[in-house]
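The values are calculated or read from the model by the stated rules, or taken from the named source; none is laboratory data. Bear in mind the structure is a predicted one, so any value in this text is a computation, not a measurement. For neighbour counting, all protein chains shown are included, and Cβ atoms are generated from backbone atoms with ideal geometry for every residue, glycine included.
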Amino acid sequence: MIDENEVASKLAILGLTDQKLNDVLKNKKLAFALASIVQESGAESALEDKSTASLLQSLGTATKDIPDTSVLAARSLVTDAVVTKKIKSNIQLEAAVAYIKLAGEKANSADLDIAAGVGQEVTPERIDEEVATYFAENSKSIAANRYKSVPSLMAGIKKLPGLKWAPPAEVKKAIDKELLEVLGPKDERDAPPKKTKKEKAAPDAAAVEEPKKARNMFTEGFLGDLHKPGGNPQIKPELMTGHLKATNGIVVTRFPPEPNGYLHIGHSKAIAVNFGYAKYHSGICYLRYDDTNPEAEEERYFTAILEIIKWLGFTPYKITYSSDHFQRLYDLGEELIRRDKGYVCFCTPEQVHENRGGDNGGARIPCKHRSTPIEQSLDEFRAMRDGKYNPGEATMRMKMDLEDPNPQMWDLVAYRVLNTPHHRTGDKWKVYPTYDFTHCLCDSFENISHSLCTTEFYLSRQSYEWLCDALEIYKPAQREYGRLNITGTIMSKRKIARLVKEGYVSDWDDPRLFTLVAIRRRGVPPEAILSFVNELGVTTTNSNIQVARFETSIRRYLEDHTPRLMLIPDPVLLILDNLPDDYVEEIALPYKPGSPELGEHNVPFTKRAYIDRSDFREQDSEDYFRLAPGKSVGLLKVPYTVRVTSFRKDESGKVTEIHAIYENDKKIKPKTYIQWVGESPAHNSPVRISEVRMFNRLFLSENPESNPDGFLADINPNSLELYKNAVIEVGFDDFRRKNVKEGGGPESMRFQALRVGYFCIDRETTEDNIILNRIVTLKEDAGKSSA
């Protein structure tokens, strides 16, 4: 760990100017990231090579927000590659960082070299050749559009596999040279059209009244830059013609979850992106269950996924299943073999690993079954289908490109044998397609225009497009955005299952978790989640957001959308000795001050009332403003103050009763007001609450998995506080009846408990057994130490 005092001296090694150094030191994350990188580099004096220093600075910027310790540990591999000049460009650096993010603790130098194109030198001659070939293949379009085609030319040529690692400046130079040779110098044909001044027409009334669409996640950043339907190139033009005919040119997206677990907070972004993008552009979005692994799928997950999507406010255009297409997928598997782009492999997993270069990233060797004659491969594939082989004995693999540096092109498995009944197709199938084979083909079958997924699938884009082109079918455009991560929690299904099994939480919907069923049960409004996602925006960078920021967004929504009620979690009886026993005064309380449309309700103020134990001290002090002997304090909305005269305790020393006088003979301005609930059987007051559940964070740190003793050692022992004798004012009953009448579920019955927090009704509540869940505290630094 780098000492804070060492940071400046480490940064000086990068050759930063004084101004730049001061700017970096103001950004603690970046400063410590760069200092760590300098330490990893082993440099002890200023780096003379400016390009190396510049790349190391870029590495710091790219990794400063990464919380995963395994990725940060792997970063030293990238640092070393930069210092030894194996990585020489920003393109290589970006690829290297993407690799360590995916590989984490499995990262190694050999695979890093492959991913970052180390040794892949692209000569000027090769660049000229690739550019000339591209010009020849697009000569008609270039001749027609002349210099106006330069932006699309640049974009197209940059995507050429042969130029992936070419220096951008050299590519630009080659394009300029070819343009000059093909088109000659610019002339009047390339001049922009002259602008003619138009007289201002009278504004159309309808146009004036039409509101502009607000800026949001669909108009800016990643989603704002996406292609329009029809803008994704095809291997054959007629494929796009057929696609546009089938869709009428609208946006078509899909949300394709695997039904093998409950969705978590990160999936809310995927749902908002896919359903929201289609909705914003008046398109459609499929819910497609990717049910190709019968060993892990359960009906409860199918049900929960659909319920969550509807809870978030979206309706699928159609619900489909990958298993709808099992026969068609299998037929395409055979077709791939007929085209000599597929084969049946009998290698063990260990042999496959070694053939792909092994642990040391050695030379890749074609599988010995790769050259099996087509008819023999077809027979073996059919034998797999008919149950001849047991799981692990045979797979059908795609014959891709072993020379490509992308591991996703190293003959991926398309089909494997599983002797497990499928929940929809029963025992019909003995072979099941993999994600890499299924996903792009089902996207094609459903005419998806925008296949939107997270950046962990970035390398898969190449294999996605390869398979569609190999079969000459419509090729959707896969595009990748950064995933949403919340720090201070656990998302892993395996680890959550352990939390449930070992009793640290009650179930997958325990409100301390960040599964979406848990977040819903906790009472978080779906609108607050969507607002949070929209506020973050969508980029290609993963978002690692602190829980506090998520909770702030929830509070902001609840502040505007919930009524106010008085709740006493830990009640103590307050008796006003100078009031008669039958004294009753009805106090009018607005459900939300400043929102008269929500109405008001009356609560009884009587001789006997309940206050919270935390609002009373046996001994007063100057910095304490709530109830204490001899002190005048206000009760919310009650005309006069009360002053404590005495109190009683039980044998354990616990205060059981507080005596006071109601100071209705004089007007005193109190320093604070506290909430209260009057006792009046005639008004059914108070309403008794069986249990108030105060949920705190489940883990103590921002990164539970970094605990040297394991994530369970980071469990917060006070993550749940229970109050068994709480009371609440009678306005709760009116609020509850209204909510039931309007058809809301229990978690949608949300309110602000004045001075306590935001709450909802738990699903275990019955007519006689009310349970409340705290959604969030009133503010992040909640506390009443001196209020």
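Six or more apart or on different chains, Cβ atoms under 6 Å: show the pairs whose first residue is in the stretch 362-380 and in the same structural domain as residue 393 (by TED's automatic domain parsing) and more than 21 Å from residue 417 (Cβ to Cβ) and whose second is small (Gly, Ala, Ser) and surrounded by 17 or more Cβ atoms within 10 Å (Cβ to Cβ). Between residues of the stretch 362-380 that are in the same structural domain as residue 393 (by TED's automatic domain parsing) and more than 21 Å from residue 417 (Cβ to Cβ) and residues that are small (Gly, Ala, Ser) and surrounded by 17 or more Cβ atoms within 10 Å (Cβ to Cβ), the close pairs are 364/357. A single member of 469, 443 is surrounded by fewer than 19 Cβ atoms within 10 Å (Cβ to Cβ), closer than 26 Å to residue 161 by Cα and not aromatic (Phe, Trp, Tyr), and it is 469. All of 353, 369 fail the test of being exposed (fewer than 15 other Cβ atoms within 10 Å of the Cβ) and more than 24 Å from residue 442 (Cα to Cα), apart from 353.
Counting only residues that are farther than 23 Å from residue 588 by Cα and in a loop (DSSP other than H, G, I, E, B), the stretch 598-623 holds 7 of them.
For the stretch 543-563, taking the residues that are crowded, with 20+ Cβ neighbours inside 10 Å and not in a helix (DSSP H, G or I), the one that is nearest to the chain's Cα centre (by Cα) is identified as 562. In the set 603, 687, 633, only one residue is touching a His at 6+ places or on another chain (Cβ under 9 Å) and either closer than 20 Å to residue 755 by Cβ or at pLDDT below 95 (or both); that residue is 603.
Residues that are of a type in the set (A, V, I, L, M, F, W, C) and either more than 16 Å from residue 370 (Cβ to Cβ) or free of Cβ contacts under 8 Å to residues at least 40 places away in the same chain (or both) within the stretch 318-343 comprise 319, 326, 329, 332, listed in sequence order. Do you know which residues across the stretch 108-138 are closer than 17 Å to residue 155 by Cα and in contact with a helix residue (DSSP H, G or I) (Cβ under 8 Å, 6 or more places away or on another chain)? Matches in the stretch 108-138: 127, 128, 130, 131, 132, 134, 135, 138. Meeting the requirement of 2 or more residues that are more than 33 Å from the chain's Cα centre (by Cα) and either within 23 Å of residue 235 (Cβ to Cβ) or hydroxyl-bearing (Ser, Thr, Tyr) (or both), the helices (runs of 4 or more DSSP H) wholly within the stretch 342-449 are 374-385.
Scanning the stretch 11-20 turns up no residue that is farther than 20 Å from residue 94 by Cα, crowded, with 17+ Cβ neighbours inside 10 Å and under 29 Å from the mean Cα position of the chain (by Cα). Scanning the stretch 666-699 for residues that are touching a helix residue (DSSP H, G or I) at 6+ places or on another chain (Cβ under 7 Å) and closer than 30 Å to residue 624 by Cα gives 674, 687, 695, 697. Give me the residue from the stretch 132-148 that is under 18 Å from residue 163 (Cβ atoms) and of a type in the set (S, T, N, Q) and, out of that set, surrounded by the fewest Cβ atoms within 10 Å (Cβ to Cβ). Only one residue tops the list, namely 133. Of the strands (runs of 3 or more DSSP E) lying entirely inside the stretch 664-753, those containing at least 2 residues that are closer than 26 Å to residue 555 by Cα and in contact with a Ser or Thr (Cβ under 6 Å, 6 or more places away or on another chain) span 750-753. When the residues of the stretch 71-117 are filtered to those that are within 20 Å of the chain's Cα centre (by Cα) and of a type in the set (Gly, Ala, Ser), which remaining residue is nearest to residue 457 (Cα to Cα)? Result: 98. Restricting attention to the stretch 430-470 and to residues that are out of contact with any Pro (no Cβ under 9 Å at 6 or more places or on another chain) and among the aromatic types (Phe, Trp, Tyr), the residue that is nearest to residue 230 (Cα to Cα) turns out to be 445.
Residues are listed down the side, and each one gets a yes or a no for (1) loosely packed, with under 15 Cβ neighbours inside 10 Å; (2) more than 23 Å from residue 689 (Cα to Cα); (3) of a type outside the set (A, V, I, L, M, F, W, C):
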| residue | (1), (2), (3) |
| --- | --- |
| 590 | no, no, yes |
| 617 | no, yes, yes |
| 634 | no, yes, yes |
| 638 | no, yes, no |
| 651 | yes, yes, yes |
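With the condition kept exactly as written, say whether any residue in the stretch 103-115 is among the hydroxyl-bearing types (Ser, Thr, Tyr), outside the structural domain of residue 409 (by TED's automatic domain parsing) and modelled with pLDDT of 85 or more. Yes, the stretch 103-115 contains at least one residue that is among the hydroxyl-bearing types (Ser, Thr, Tyr), outside the structural domain of residue 409 (by TED's automatic domain parsing) and modelled with pLDDT of 85 or more. Looking at the stretch 395-409, can you tell me whether even one residue there is touching a strand residue (DSSP E or B) at 6+ places or on another chain (Cβ under 6 Å) and farther than 19 Å from residue 462 by Cβ? Checked against the condition, which is being touching a strand residue (DSSP E or B) at 6+ places or on another chain (Cβ under 6 Å) and farther than 19 Å from residue 462 by Cβ, the stretch 395-409 yields at least one hit. Within the stretch 707-733, residues that are charged (D, E, K, R) have Cβ atoms under 9 Å from residues that are in a loop (DSSP other than H, G, I, E, B) and surrounded by fewer than 19 Cβ atoms within 10 Å (Cβ to Cβ) in these pairs: 714/700; 714/701; 714/703; 714/707; 721/696; 724/690; 733/684, counting only partners at least 6 apart in sequence or on another chain. What is the residue count in the stretch 262-282 for residues that are farther than 15 Å from residue 309 by Cβ and surrounded by 20 or more Cβ atoms within 10 Å (Cβ to Cβ)? Residues meeting the conditions: 0. Residues in the stretch 200-225 that are of a type in the set (Asp, Glu), at pLDDT 55 or above and farther than 30 Å from residue 471 by Cα: 220 only. Quick check, is residue 44 charged (D, E, K, R), in a loop (DSSP other than H, G, I, E, B) and in contact (Cβ under 8 Å) with a residue 12 or more places away in the chain? Yes, satisfied. The residues of the stretch 593-615 that are surrounded by fewer than 19 Cβ atoms within 10 Å (Cβ to Cβ) and within 19 Å of residue 749 (Cα to Cα), listed by number, are 593, 595, 597, 598, 599, 600.
Okay, residues lined up against (1) in a helix (DSSP H, G or I); (2) closer than 19 Å to residue 166 by Cα:
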site: 85; (1), (2): no, yes
site: 94; (1), (2): yes, yes
site: 97; (1), (2): yes, yes
site: 103; (1), (2): yes, no
site: 121; (1), (2): no, yes
site: 125; (1), (2): yes, yes
site: 130; (1), (2): yes, yes
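In the set 388, 428, only one residue is surrounded by fewer than 19 Cβ atoms within 10 Å (Cβ to Cβ) and within 24 Å of residue 297 (Cβ to Cβ); that residue is 428.
Residue 537 fulfils the conditions (1) farther than 30 Å from residue 637 by Cβ; (2) buried (at least 20 other Cβ atoms within 10 Å of the Cβ) except for a single criterion, (2). Looking at the structure I just gave you, is residue 462 outside any helix (DSSP H, G or I), in contact with a helix residue (DSSP H, G or I) (Cβ under 7 Å, 6 or more places away or on another chain) and closer than 25 Å to residue 62 by Cβ? Here the answer is no, as residue 462 does not meet what is asked. Of the numbered criteria (1) within 29 Å of residue 485 (Cα to Cα); (2) surrounded by fewer than 17 Cβ atoms within 10 Å (Cβ to Cβ); (3) in contact (Cβ under 8 Å) with a residue 60 or more places away in the chain, the one residue 101 fails is (2). Look through 74, 95, 46 and report the one residue that is loosely packed, with under 13 Cβ neighbours inside 10 Å and aliphatic (A, V, I, L, M). After ruling out the rest, the residue left standing is 46.
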